[in-house]
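This report refers to the structure that appears directly beneath it.
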Amino acid sequence: MGPSPPSSLAGMLASIATFALVGVDSQEVTVEVDVRRGLPAFTLVGLPDAAVREARERVRAALLNSGLDFPLQRLTANLAPASMRKAGPSFDLALALGVLAASGQVPFEAASGTAVCGELSLSGALRPFRGALATALGARTAGYERLIVPAENASEAALADGLEVLAVSSLERLVDLLHGRWRPEPARPRPVRSEQGPHVPDLADVRGQADAKRALEIAAAGGHNLLMVGPPGAGKTMVARRLPGILPPPSFDEALEITRIHGVAGLGDGHLAAERPFRAPHHTISPSGLVGGGSQPRPGEITLAHRGVLFLDEVAEFSRGTLEALRQPLEDGFAEITRGQRSLTFPARTMLVAACNPCPCARPAGECHCNDVDRLRYSRRLSGPLLDRIDLVCQAAAPPAAELVDRHGGALERSSVIRERVIAARERQRHRLRGSDAYCNADMDGRLTRRHGALGSEEVQRLLGSVERGGLTGRGHDRVLRLARTIADLEGRTRISPADLEEALGYRLASPVGLAA
Amino acid sequence: MTSAGTGTACDSCLRRGYLVGRLASHIAGVMDSPHRRVTGLLALPDEKLVEAVAGGQADDALRFLEEFDAEEARAAVERAGVAAVCRHDPGYPTQLDDLEDAPRVVFTKGQGDLASMSGADPCVALVGARRASPYGLDVTRELGRGLGAAGVTVVSGLALGIDAQAHHGCLEGDGVPVAVLACGPDIPYPRTNRRLYERICERGLVIAELPPGQRAFRWSFPARNRIMAGLARVTVVVEAAEPSGSLITSDFAIQLGRPVGAVPGQVTSSRAAGSNALLKDGATFITSAEDILDELFGSERPRPRSGPDAGQIRLARSVDPVQGLLLEAVEAGAGVDGACAHTGLPVHEVRAGLSRLEASGHVSRDALGIYRRSVAR
């Protein structure tokens, strides 16, 4: 609460700091409350939406039910900056505190350097709000020392260090706190959930699927986007769901980003994220559901999958417009949403795993009557924005074949073992790519690819040329080299071996055009 | 005769050609079923044909006949870059005369030589389903290539699937491709095969019964098939369902008393049911272009051209035992996991092995990366 000049004779003015969510960030909002003589009224200005306007009723009832006074005078509250639209109930606490301060029920000075955020119930109890970590980070950046939040939000908000987070359960406690009659312990973040808890499924549970597992490991090691092709029921989802378990665990900063985003979306549980997210939206999702949007823009699935995995099952069934909307975020690593006069950016660094059937009829090989034209048409549904970003295509086999594979030494490796190899491969990439703006092989542009795809160019040309008779396009060429580079990294080889390149060629995406001839 | 030049058709034949074009929609009205033959109809003389199909608009059609301006029609043919060849022209393929309803005039486009088709260079029709299997497509391409390399003209219908592969193969074998269209000769139909159409025009010939600018009708497809059967000394069906347009072509060939061959297809596949039934009925069993050449020339007689490729299907080059196992797995329709099981190899070696097989042309992949056996590429 800012130090406020105590008033002219006719009234008193208080101003309280709170924070509003803007995308996945938070922006400071100052709640000013003016109390002066006049007909009893409570006016709220500063572009409030319906939920904010209703705060007047909640604040009145909460004050009265907490044994506090609601001044029977003319109250005017302003939410500044007045040009920004305010939405949601998280301004309740700041408004209540503003009324208390302006009517002299709490001391001004007690709350300097403090921001508050929370929703009120009519009883005076505090209810949690969305985006506690984003709010706390905003408050820290804005220079506040303390943040007062409802108890349920405290552990999430406490993840922001350098900020004292105080958990308060009711308005009465808040008044006690500001009068110095009660001093709670600053909230502490909850311990990180034990790693690889039961909620992260293990690859050892998946029998067979040799090809899909291998592709998953390569994809994880190089950060490559992956397409899985297989009949319905082959276990594509089951395999994809295990990708977060073999990716390197998120660093602290990454975990903070994940937790912040999930908190904003109301998905968090207050723990610091120990694993990367896995999001699998249904194919009926709208473009704005996938990349974010709405009149008060909310993060889309691709943002919820930030630093994790976005899985698009039945990818051919997604509408063209929805897939088209993925283009910009996949290219840039963030989603840009423009609504009205402002535009917002949501982080969207994610690995994409797509899955589809081998042909439109989706029947097993023996019963399928699809011809090349049908298949071509089907594969063209994925073309364009999506296929441009996919480095690997693998097959997911139907269960009967998978059973057989187990006999042949397909030892069921645990995710943790595979993760070790992935981390080692990523470490090699990080070392090699120092000083460039790429973090992993999938980030390498054409120039970097050619520099680091260490293989005699004659040999490359011979192999590439012999497979792709029409000639591999420059882009396709780079993609295969990137993939081969990752395979070599997994094997710990400095140079790509011809076998690495051959394997990479096997996983490459054939250009769907030109098949007809 | 180079067909890019002016038409040489006589006035009455040219008028007949344009009359069929003019009556095309009326004929469509009469021929409501796609499988009814137009045999009798197209054999009728001009006035009778008008009477048979034009109904209430017969007067208009008769007036059209009276007022037909041959010079104007010749100019239109020339503008379309097309030649009109009538049965009185020495260049008209004589083997068409065996048809009782042979077209009195054909419109041609392209650099090929129509006259030579009736003489020294024998001609084979290679037809099949639009919705064909990869196997059917591969075999057709190889047959077309082998025939082309042996100097045999390959006739087909420019349709998707088998027909297109027949043309592609023939072009690859440096042969003369001939496409018979159900629309005017200046219209690349279907549009997907536009580039193929252009290549055929450069190296071979496009033939049509309907005059330039005329679209295709349902009836004009079976009518086109009779011309293919009429041009070809041997008709070969690769994959045909029952009933199908390809079987119409082979029926015409049988009526003409010309040899018919068929490539065996999977017995469990409905799209090979028609071609397999032909084999059962005594059609020649075709497993290579050589079989077709035997049918054309007998096994003793010399071929127009010979070379390493002539008549041969490029069969699998020898592979090492492990690759052989991989190939077996792909042939059996097993995926990559199936190939791992079959060979006992770890998946990264299977993937690398499949890439080597792809490089050597033994397998190919579809747009979604599913492997299949290819005859050759």
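The values are calculated or read from the model by the stated rules, or taken from the named source; none is laboratory data. Just so we're clear, the structure is a prediction, and the values are computed from it rather than from any experiment. Glycine gets a Cβ as well: all are built from the backbone with ideal geometry, and neighbour counts include every protein chain shown.
Taking the stated definitions as given, is A:ARG475 under 22 Å from B:ASP366 (Cα atoms), touching a helix residue (DSSP H, G or I) at 6+ places or on another chain (Cβ under 9 Å) and either at pLDDT 75 or above or part of a helix (DSSP H, G or I) (or both)?
Values: under 22 Å from B:ASP366 (Cα atoms): yes; touching a helix residue (DSSP H, G or I) at 6+ places or on another chain (Cβ under 9 Å): yes; either at pLDDT 75 or above or part of a helix (DSSP H, G or I) (or both): yes.
In short, yes.
Going by what's in this entry, would A:PRO347 be described as touching a Gly at 6+ places or on another chain (Cβ under 8 Å), at the interface with chain B (Cβ under 10 Å from one of its Cβ atoms) and crowded, with 18+ Cβ neighbours inside 10 Å? Let's see the steps before the verdict.
On the way: touching a Gly at 6+ places or on another chain (Cβ under 8 Å): yes; at the interface with chain B (Cβ under 10 Å from one of its Cβ atoms): no; crowded, with 18+ Cβ neighbours inside 10 Å: yes.
When the stated conditions are applied, A:PRO347 does not pass them.
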TODO: Hey, could you check segment A:281-329 for residues that are under 15 Å from the mean Cα position of the chain (by Cα) and of a type in the set (Val, Ile, Thr) and say which is farthest from A:THR259 (Cα to Cα)?
DONE: A:VAL291
Task: Filtered residues of segment B:83-110 (kept if surrounded by 21 or more Cβ atoms within 10 Å (Cβ to Cβ) and either within 14 Å of another protein chain (Cβ to nearest Cβ) or of a type in the set (Ser, Thr, Tyr) (or both)) - done: B:TYR92, B:THR108
Task: Qualifying residue in segment A:206-216 (condition: surrounded by 24 or more Cβ atoms within 10 Å (Cβ to Cβ), within 14 Å of chain B (Cβ to nearest Cβ) and under 23 Å from the mean Cα position of the chain (by Cα)) - done: yes
Task: Qualifying positions in segment A:238-256 - more than 16 Å from A:ARG214 (Cβ to Cβ) and surrounded by fewer than 20 Cβ atoms within 10 Å (Cβ to Cβ) - done: A:ARG241, A:PRO248, A:PRO249, A:SER251, A:PHE252, A:ASP253, A:GLU254, A:LEU256
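Output yes when any residue across segment A:271-278 is part of a loop (DSSP other than H, G, I, E, B), under 26 Å from A:ARG493 (Cα atoms) and at pLDDT 90 or above, and no when none is. Even if it seems obvious, please write down each step before you answer.
Filtering segment A:271-278 down to residues part of a loop (DSSP other than H, G, I, E, B) leaves A:271-277.
Filter once more, so that each one left must be under 26 Å from A:ARG493 (Cα atoms): none.
No; the residues of segment A:271-278 include none that is part of a loop (DSSP other than H, G, I, E, B), under 26 Å from A:ARG493 (Cα atoms) and at pLDDT 90 or above.
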Open item on the list: Can you report the number of residues in segment B:179-236 which are closer than 26 Å to B:LEU293 by Cβ, surrounded by fewer than 24 Cβ atoms within 10 Å (Cβ to Cβ) and out of contact with any helix residue (DSSP H, G or I) (no Cβ under 8 Å at 6 or more places or on another chain)?
Closed with: 1
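Tell me, please, whether a residue that is assigned to a loop (DSSP other than H, G, I, E, B) and either at pLDDT 90 or above or under 15 Å from B:GLU209 (Cβ atoms) (or both) can be found in segment B:69-78.
Residues of segment B:69-78 that are assigned to a loop (DSSP other than H, G, I, E, B), as a first pass: B:69.
Still in the list and also either at pLDDT 90 or above or under 15 Å from B:GLU209 (Cβ atoms) (or both): B:69.
Yes: one or more hits.
Could you say whether any residue in segment A:238-256 is in a loop (DSSP other than H, G, I, E, B) and under 13 Å from the mean Cα position of the chain (by Cα)?
Kept after step one, since they are in a loop (DSSP other than H, G, I, E, B), are these residues of segment A:238-256: A:241-242, A:247-251.
Pick out the ones that are also under 13 Å from the mean Cα position of the chain (by Cα) and you get A:250.
Within segment A:238-256, one or more residues are in a loop (DSSP other than H, G, I, E, B) and under 13 Å from the mean Cα position of the chain (by Cα).
To keep it simple, each residue is scored yes or no on (1) under 34 Å from the mean Cα position of the chain (by Cα); (2) surrounded by fewer than 19 Cβ atoms within 10 Å (Cβ to Cβ); (3) under 29 Å from A:ARG183 (Cα atoms).
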position	(1), (2), (3)
A:GLN73	no, no, no
A:THR76	no, yes, no
A:ALA80	yes, yes, no
A:ARG85	yes, yes, no
A:LEU95	yes, no, yes
A:ALA102	no, no, yes
TODO: Using the structure shown, decide if B:PHE217 is under 30 Å from B:ARG79 (Cβ atoms), in a loop (DSSP other than H, G, I, E, B) and hydrophobic (A, V, I, L, M, F, W, C).
DONE: yes
- [ ] Mind telling me which of the residues A:ALA132, A:ALA154 ends up being crowded, with 24+ Cβ neighbours inside 10 Å, in contact with an Asp or Glu (Cβ under 6 Å, 6 or more places away or on another chain) and under 15 Å from A:THR259 (Cβ atoms)?
- [x] A:ALA132
Open item on the list: Just the residues that are in a helix (DSSP H, G or I), surrounded by fewer than 23 Cβ atoms within 10 Å (Cβ to Cβ) and within 14 Å of another protein chain (Cβ to nearest Cβ), please, taken from segment B:268-287.
Closed with: B:SER270, B:ALA273
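Confirm whether B:GLU71 is among the acidic types (Asp, Glu) and within 16 Å of B:GLY230 (Cβ to Cβ).
no
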TODO: Report the residue count in segment B:332-377 for those that are at the interface with another protein chain (Cβ under 8 Å from one of its Cβ atoms), of a type in the set (Val, Ile, Thr) and outside any helix (DSSP H, G or I).
DONE: 1
